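The values are calculated or read from the model by the stated rules, or taken from the named source; none is laboratory data. The shown structure was predicted, so the numbers you read here are calculated from the model rather than taken from an experiment. Don't worry about glycine lacking a Cβ; one is built from the backbone with ideal geometry, like all the others, and counts go over all protein chains shown. Accessible surface areas use protein heavy atoms only, side chains included; no ligands, DNA or RNA. Shrake-Rupley method; radii C 1.70, N 1.55, O 1.52, S 1.80 Å.
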Amino acid sequence: MTPPRVLVVDDEEDFLETMVNRLKRRGLEAKGALSGPEALQMIAAESFDVVVLDVRMPGMDGIEVLREIKNRWPFLEVIMLTGHGSVESGIQGMRLGAFDYVMKPADLEDLLGKILQAHERRSLRED
Amino acid sequence: MKSSPWIRWVVAWMGVGLSGLGSLGLFLWEGGPWVISSLGLGIGLCWAAMASLYMQLRKSQRERAILDSKIVQSHKLAALGELSAGIAHEINNPLAVIGREAELMLHLLESSSQEGETSRQELLESVREVASQVERCREITQNLLNFARKMEPVFQKVDVNRLVEDMVKLVERETQGKGIQILREYDKHLEPIRTDPPGLRQVILNLLNNARQAMEQGGTIEVRTKASSSGGAEIMIRDTGCGIPQEQLPRIFDPFFTTKAHGKGTGLGLSICHGIVDRLGGRIRVKSRVGLGSTFVVELPSHPSGLEKGS
């Protein structure tokens, strides 16, 4: 199986950089976007398998981005990053088709396991 | 079942008739005690009255069931109507453009002998426009197909305990400091099952959220997992909340049925859960007592039989 192509979306620059680097070190093809619109542009331009998406971002928030992603690329898997996680946004995310969520500060092993499962789901769907 | 009301009528009036006749006969033949005769008549009349009440009750129940299913049906039809109108509208626009371009091409071709090069250019543009509109239609139908495919479960190996615990942790963040305690009892020997992870997450999260909302005054949510008798998994979520009235239990999985305050629920949560569990090849059961709480049990097979996608 080819390594998952992951896009991490978060408005905190430090967090984003660290996360992308850690994922790369674990053999994943990872890239970062600092906002929803930037993420959508990147997804339109190149293909990704899994998006790791922060729920809380200024401007276009994670739920809006998720809705847009699922609308345009229904089989792209999305894992939500919840900071001050609320059940409502969690349920809303799941209902809108998010694959799973991870609580911030995200545990790398936990996130990695979820990314791999999301990637497997995507490849099962492709055939 | 259709003939049964008539049969009951006949039986009821036969009852009256027989007891009346019997008591009359007893009275005439033996000149016997009038008490017994009138008792017989009384019993007969009671029988008739009860039978007729019973029939009225059955009739109104039947009418209510028909009405309920008609309401659900009309909601479904309304949703379907809206969807079809949307699709028709989406496809009509490109069709209109294609029609217009076809007319233009026809006109250009009919008069092409005189104007050579310009009409060739215009023809090319028209054909390009048609091709792009056809592409738009293709996108619309592709979206529809995707929408249908999106509903299909994808089965993956799932550690049920872990999945449930993830959802419990999320809900626990909300319940902290609100007098709601969450007790866990996970079966350590529970084997992983093959199911659709995001679908199951949605079900568990919905049930936990309902439990939380049923206990505005605080209480306890109990979450338990165990192996089911058929080798799959059973997940139980019990709350000590307000409970569901007995007469509403049969309807709680119906779409748009809700007991929550206006604006608090759409009445879709449990019907969505039911739909998902159904697609996963499982079952969802409920037990509830008003004032004591509700228990939901989700039973899932270890493998989906016959509908598995992927390996």
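Listed values, structure above:
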read-out: Count - residues of region B:178-196 that are in a strand (DSSP E or B) and either at the interface with chain A (Cβ under 10 Å from one of its Cβ atoms) or open to solvent by less than 60 Å² (accessible area, probe 1.4 Å) (or both); value: 5
read-out: Region B:197-226: number of residues that are part of a strand (DSSP E or B) and basic (K, R); value: 2
read-out: Qualifying residue in region B:218-238 (condition: within 14 Å of another protein chain (Cβ to nearest Cβ) and at pLDDT below 95); value: no
read-out: Of residues in region B:158-177 being free of Cβ contacts under 8 Å to residues at least 60 places away in the same chain and of a type in the set (S, T, N, Q), the one farthest from the other protein chains (Cβ to nearest Cβ); value: B:Q176
read-out: Complete set of residues in region A:90-119 that are among the charged types (D, E, K, R), facing chain B (nearest Cβ under 7 Å) and touching a residue at least 12 places away in the same chain (Cβ under 8 Å); value: A:D100
read-out: Pick from region B:288-311, criterion at positive phi and loosely packed, with under 14 Cβ neighbours inside 10 Å, ranking: modelled with the highest pLDDT; value: B:G291
read-out: Residue in region A:34-41 that is among the small types (G, A, S) and part of a helix (DSSP H, G or I) present; value: yes
read-out: Residues of region B:119-157 that turn out to be under 28 Å from A:E68 (Cα atoms), facing chain A (nearest Cβ under 10 Å), in contact (Cβ under 8 Å) with a residue 12 or more places away in the chain and open to solvent by 80 Å² or more (accessible area, probe 1.4 Å), as a count; value: 1
read-out: Any pair with Cβ under 8 angstrom, 6 or more apart, that starts in region A:8-24 at a residue that is touching a residue at least 40 places away in the same chain (Cβ under 8 Å) and ends at one that is open to solvent by 90 Å² or more (accessible area, probe 1.4 Å) and not in a helix (DSSP H, G or I); value: A:D11/A:P58
